[in-house]
């Protein structure tokens with residue numbers, strides 16, 4: 001097949017992703033078989049075929065499409081290997097947009113938890129990318145914990161052969177990453193401290209994907225039944241976020257620990273091969289995983305949404321955290337991150353490049369349905385990065401308009417006026433496109449969406465527009481500099497004792513001596529924040545008792561209890577809003 005003929009067939013296949021009808025599945029299968037038999041002369045042409053296969057596997061027109069795409073994807077590594085043997089430039093497979101294809105190689109500097117998991121998950125297949133790594137003082141400072149006598153070299157010599165030291169201590173070259181990870185894992189330190197030490201080394205790891213299931217090519221999961229598309233996909237213009245959020249909340253089912261652990265394995269695989277890592281996808285709690293199929297096979301259109309929280313010892317000080325992912329017919333198509341306090345939630349939603357033409361608006365609405373139900377949210381906020389602030393990808397995709405057309409509004413008055421001016425230009429000229437420089441201006445602030453619940457008493461629309469937990473943290477640190485000479489330990493002790501005295505002074509104050517270490521840590525956090533709350537002593541006994549319940553709930557197994565309790569404490573909510581706005 002000539003290059004022109006191959007390009008025409010690939011273009012035809014890409015167009016077929018959005019064609020539906022009685023005989024469309026048969027046409028697609030015929031085209032897939034022709035392309036499967038073709039020789040791909042360049043990585044770019046093979047990548048196009050790969051992405052079309054994945055899309056069709058997630059949004060198939062019929063059973064034969066599923067069978068054929070699955071078969072081709074299962075042996076796709078052979079096509080990559082043929083390119084490699086032909087001398088192709090394999091660097092084309094490295095960009096984030098296309099990484100993780102079976103038969104390719106990956107290299108990344110990973111966090112301690114993900115590196116430890118990868119080395120165990122792909123035993124014997126991970127190596128240190130020495131040609132891209134030249135450690136220095138950081139290994140000289142850390143190495144003496146597990147490499148005897150290295151101080152005699154590292155402390156005084158300018159040409160310490162770090163690789164020779166590590167390979168001598170590890171036994172051989174191939175064992176070095178596993179040996180190094182085991183040494184850090186065995187250190188008598190808290191998990192966070194082990195992570196800090198390991199990550200200070202910035203060790204680049206390299207691994208071959210081969211035909212592993214830890215690839216984008218094969219990371220889809222078998223499902224009980226597949227949803228086949230016989231009609232056009234739901235476009236964003238067909239989605240009413242207000243209508244979707246007004247529907248009955250989706251049913252969320254908690255998984256037992258074993259399937260919960262499998263979900264956590266899956267999300268690590270999914271993020272790893274896309275060079276992505278979130279706090280909650282790395283450290284999620286298997287015991288907290290919940291699943292929704294959105295009301296059944298037909299209503300859910302083959303979509304399953306998974307959500308989970310953080311374990312008690314890894315939680316954020318004030319906000320509650322939910323992470324998640326969406327599968328479409330068993331294929332991972334996006335990841336989710338939501339961080340909330342009281343009824344406010346900041347949400348991140350990232351549809352993977354391959355699937356951005358696949359009902360993203362409708363699926364986003366279903367994700368918000370699940371999140372708002374799970375978290376009790378009535379105010380949804382999207383942070384500027386998602387809109388395009390320091391994010392060229394979001395600017396190129398016009399991400400601001402994705403949210404604007406769903407009903408989000410800028411929280412800043414100047415950006416609201418700018419958005420309205422752009423909308424008038426679009427209405428006057430349908431061919432008009434907002435320039436990139438204007439999109440960057442629009443991405444300078446958060447956008448918000450208030451649900452029907454925001455009309456409830458005490459939930460003022462726009463109340464959270466200028467709130468940020470960063471403001472709370474900076475306020476605390478300014479007080480530390482002003483009143484405690486920059487001494488964090490002194491301020492923590494002073495604030496803790498002050499809050500203990502303020503709560504229930506008639507009983508000599510609250511006693512935390514019998515509390516768990518995590519409960520004590522939560523009390524200390526609130527003591528730092530509430531030190532700036534005027535009139536705290538005048539709170540009623542019931543309000544103080546409820547505050548203590550909230551603080552202790554931060555360390556409970558289900559963090560959503562804590563979040564829901566903050567929504568019911570009007571005085572605390574108003575205090576946090578005032579301090580953080």
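What follows draws every value from the coordinates through simple rules; no lab data is involved. All values derive from a computational prediction rather than experimental measurement. Methodologically, a virtual Cβ is constructed for each residue, glycine included, from the backbone with ideal geometry; neighbour enumeration extends over all protein chains shown.
Residues 236, 470 in ascending order of nearby Cβ atoms (within 10 Å, fewest first): 470, 236. Between residue 437 and residue 131, the modelled label-to-label distance comes to 4.3 nm, taking each label 7 Å out from Cα in the direction of the beta carbon. Based on C-alpha pairs under 8 angstrom that are at least 6 apart in sequence, the chain has a relative contact order of 11 percent.
Once both labels are positioned 7 Å from their Cα atoms along Cα-to-Cβ, the gap between residue 511 and residue 427 label points is 6.7 nm.
Provide the gained length on full extension for the span residue 479 to residue 1, in nm with one decimal, where the gain is 0.36 nm per separating residue minus the Cα-Cα distance. Numbers along the way, then the final one.
Values: separation 478, 0.36 × 478 = 172.08 nm, distance 7.15 nm.
Length gained between residue 479 and residue 1: 164.9 nm.
The equivalent ellipsoid that matches the C-alpha gyration tensor of segment 221-383 spans semi-axes of 23, 19, 15 angstrom, in descending order. Annotation: average projected area of segment 291-446 is 10.6 square nanometres, based on the convex hull of Cα atoms across all directions.
Largest first and in whole Å, give the semi-axes of segment 231-284's equivalent ellipsoid, each being the square root of 5 times a Cα gyration tensor eigenvalue. Provide the component values of the computation, followed by the final result.
Details: eigenvalues 175, 68, 26 Å².
The three semi-axes for segment 231-284 are 30, 18, 11 Å.
For the chain, just run the numbers: alpha carbon Rg, then divide by 2.2 N^0.38 Å, N being how many residues it has. Show your work: numbers first, answer last.
Values: Rg = 26.7 Å, N = 581, 2.2 N^0.38 = 24.7 Å.
The value comes to 1.08.
A straight chain from residue 146 to residue 390 at 0.36 nm per residue would run longer than the Cα-Cα distance by 83.8 nm.
Rounded to the nearest 500, what is the 222 nm mean residue ellipticity of the chain from helices alone, with -39500 (n - 2.57) per DSSP H run of 4+ residues and division by all residues? Can you show the working numbers first?
Numbers: 27 runs with 277 residues, N = 581.
Roughly -14000 deg cm²/dmol at 222 nm, from the helical runs in the chain.
Each peptide in 304-311, 532-539 gets a packing score, the mean of other Cβ atoms within 10 Å over its residues, and the list from highest to lowest is 304-311, 532-539.
Given an 8 Å cut-off on Cα distances and at least 6 residues of separation, report the relative contact order of segment 1-127 as a percent.
Working: 93 pairs, mean separation 27.9, N = 127.
Here the relative contact order equals 22 percent.
For segment 386-445, the square roots a ≥ b ≥ c of the C-alpha gyration tensor eigenvalues yield an a/c of 1.5 or more together with a/b not exceeding b/c, which makes the shape oblate. Got a sec? How would 182, 78, 431 order by Cβ neighbour count within 10 Å, fewest to most? Ascending Cβ contact count within 10 Å gives the list 431, 78, 182. With each label modelled as a point 7 angstrom along the Cα→C-beta vector, the residue 33-residue 107 pair spans 4.2 nm. Convex hull volume per residue, computed on the Cα atoms of segment 3-91, equals 85 Å³.
Just rank 333, 150, fewest to most, by other beta-carbon atoms within 10 angstrom. Mind dumping the intermediate values first?
On the way: 333 26, 150 21.
Starting with the residue having the fewest Cβ neighbours, the order is 150, 333.
Considering only beta bridges that DSSP places wholly inside the chain, some 95 percent are antiparallel.
Percent relative contact order of segment 221-383, based on C-alpha pairs within less than 8 angstrom and at least six residues apart? Could the numbers behind the result be given before it?
Details: 263 pairs, mean separation 38.8, N = 163.
So the answer I get is 24 percent.
Can you order the peptides 26-38, 351-363 by their average number of other Cβ atoms within 10 Å per residue, highest first?
Peptide ranking by packing, descending: 351-363, 26-38.
Per-peptide packing, taken as the mean over residues of other Cβ atoms within 10 Å, places 5-14, 494-503, 253-262 in the sequence 494-503, 5-14, 253-262 from highest down.
On a full-extension model of 0.36 nm per residue, what is the gain between residue 97 and residue 64, subtracting their alpha-carbon distance, rounded to one decimal in nm?
Working: separation 33, 0.36 × 33 = 11.88 nm, distance 2.77 nm.
Between residue 97 and residue 64, full extension yields 9.1 nm more.
Which shape class applies to segment 469-580: rounded if a/c is under 1.5, otherwise prolate when a/b exceeds b/c and oblate if not, where a ≥ b ≥ c are the square roots of the Cα gyration tensor eigenvalues?
Rounded.
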